[in-house]
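S.K.: Below is the structure I would like to discuss, written out as structure tokens.
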Amino acid sequence: MADFYTNMVVEPMIPEGLLTEAEQNILAIFHIESVSGPGNTIFLHAEEYFTSAYNDETSEEYDEDFLISLFQGVVRRSEGKLPWVSFEISYHCSKMRSDGFGGAAVFITADKIEWVSTAQWLKDQQVRLDKPAPGPREMTPEEQDTANRLGYMGLVADRKTLQEAMEYASMIVKSLPNKTDQLAVNVAIQVLINTYAKLIAKGELV
């Protein structure tokens, strides 16, 4: 039989006086211990972290969201003394199991709460790897029109030499508005090169 453990530490150390007696009692219900730190601070940690707790005196149940909200309230009323609070959580097991190890972290500020877990991060990487690469973006009608103009302008140049056709292409490109999408220009130039390569291969162009 495998035993699972969850440890948690809170950073930074909390200045004394910021936590009310009621808040400290709630932390104790979550099995979060406090140890005196340097400079009148309190170091909070849990050797066995619980994501829910039950208050026998009030018959109230607390979840992890409540705990996080409690710390956010402390940050908000700290007047800058405590700009943020973070939890760092580790999961481990008495036996080597694929589901027995991991970690998570939460970063709390006065107006934002951010979570990250190693399990979710790994899952996201797998999904990203398995997801097909996005295809090229479709051109707008305006971009397609520009591409057509560039792609066929070489044929308008009396199908002379490739050098003359490229010079003609350069002239057209310079005449286009600056806002012309670079995608259209790149596509059109490739079309032009492919067109003249085929003509040269057929001996129709020198």
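The values are calculated or read from the model by the stated rules, or taken from the named source; none is laboratory data. Not measured: the values here are computed from a predicted model. Because the Cβ atoms are built from the backbone with ideal geometry, glycine has one as well, and the counts that use them run over all protein chains shown.
S.K.: Quick check, is residue 81 assigned to a loop (DSSP other than H, G, I, E, B) and over 16 Å from residue 13 (Cα atoms)?
M.R.: Details: assigned to a loop (DSSP other than H, G, I, E, B): yes; over 16 Å from residue 13 (Cα atoms): no.
Considered against the rule, which asks whether it is assigned to a loop (DSSP other than H, G, I, E, B) and over 16 Å from residue 13 (Cα atoms), residue 81 comes out as no.
S.K.: Then there's this: Specify the residue that is surrounded by the most Cβ atoms within 10 Å (Cβ to Cβ); the eligible residues are those in the stretch 42-66 that are of a type in the set (Gly, Ala, Ser), at pLDDT below 90 and touching a strand residue (DSSP E or B) at 6+ places or on another chain (Cβ under 9 Å). Lay out the reasoning, then the answer.
M.R.: Narrowing the stretch 42-66 to residues of a type in the set (Gly, Ala, Ser): 46, 52-53, 59.
Of the ones still in play, those that are also at pLDDT below 90 are 52-53, 59.
Applying the additional criterion that residues be touching a strand residue (DSSP E or B) at 6+ places or on another chain (Cβ under 9 Å) yields 52-53.
Details: 52: 12, 53: 19.
Of everything passing the filter in the stretch 42-66, 53 is surrounded by the most Cβ atoms within 10 Å (Cβ to Cβ).
S.K.: May I pose another question? Given the condition touching a strand residue (DSSP E or B) at 6+ places or on another chain (Cβ under 6 Å) and in contact (Cβ under 8 Å) with a residue 12 or more places away in the chain, answer yes or no: does some residue in the stretch 118-132 qualify? Even if it seems obvious, please write down each step before you answer.
M.R.: At the first step, the residues of the stretch 118-132 found to be touching a strand residue (DSSP E or B) at 6+ places or on another chain (Cβ under 6 Å) are 118-119.
Those left that are additionally in contact (Cβ under 8 Å) with a residue 12 or more places away in the chain: 118-119.
Yes, the stretch 118-132 contains a residue that is touching a strand residue (DSSP E or B) at 6+ places or on another chain (Cβ under 6 Å) and in contact (Cβ under 8 Å) with a residue 12 or more places away in the chain.
S.K.: Determine the pairs where a residue that is within 15 Å of residue 88 (Cβ to Cβ), located within the stretch 27-49, has a partner that is exposed (fewer than 11 other Cβ atoms within 10 Å of the Cβ) with Cβ atoms under 6 Å apart, the partner being 6 or more residues away or on another chain.
M.R.: Listed pairs, sorted by first residue: 43/35.
S.K.: Across the stretch 84-102, what is the total count of residues that are part of a strand (DSSP E or B) and under 25 Å from the mean Cα position of the chain (by Cα)? I'd like the intermediate steps shown before the answer.
M.R.: Step one: filter the stretch 84-102 for residues part of a strand (DSSP E or B), giving 85-93, 102.
Next, from what is left, pick out any that are under 25 Å from the mean Cα position of the chain (by Cα): 85-91, 102.
Adding up the residues that qualify gives 8.
S.K.: Please go through (1) surrounded by fewer than 17 Cβ atoms within 10 Å (Cβ to Cβ); (2) over 24 Å from residue 5 (Cβ atoms) for residue 82 and return the number of the only condition it doesn't satisfy.
M.R.: All conditions are met except number (1).
S.K.: Quick one: in the stretch 13-46, of everything that is in a strand (DSSP E or B) and among the polar types (S, T, N, Q), which residue is nearest to residue 106 (Cα to Cα)?
M.R.: First, pick out the residues of the stretch 13-46 that are in a strand (DSSP E or B): 14-15, 33-37, 41-46.
From what's left, among the polar types (S, T, N, Q): 34, 36, 41.
On the way: 34: 19, 36: 23, 41: 21 Å.
Of everything passing the filter in the stretch 13-46, 34 is nearest to residue 106 (Cα to Cα).
S.K.: Now, a different point. I'd like the full set of residues that are among the polar types (S, T, N, Q) and over 11 Å from residue 109 (Cα atoms), limited to the stretch 47-77.
M.R.: First, the residues of the stretch 47-77 that are among the polar types (S, T, N, Q): 51-52, 55, 58-59, 69, 72.
Scanning the stretch 47-77 gives 51, 52, 55, 58, 59.
S.K.: Filter the stretch 115-133 down to residues that are basic (Lys, Arg) and within 15 Å of the chain's Cα centre (by Cα) and give me whichever is surrounded by the fewest Cβ atoms within 10 Å (Cβ to Cβ).
M.R.: We begin by selecting, within the stretch 115-133, every residue basic (Lys, Arg); these are 123, 128, 131.
Applying the additional criterion that residues be within 15 Å of the chain's Cα centre (by Cα) yields 123, 128.
Values: 123: 11, 128: 8.
Per the stated criteria, the residue is 128.
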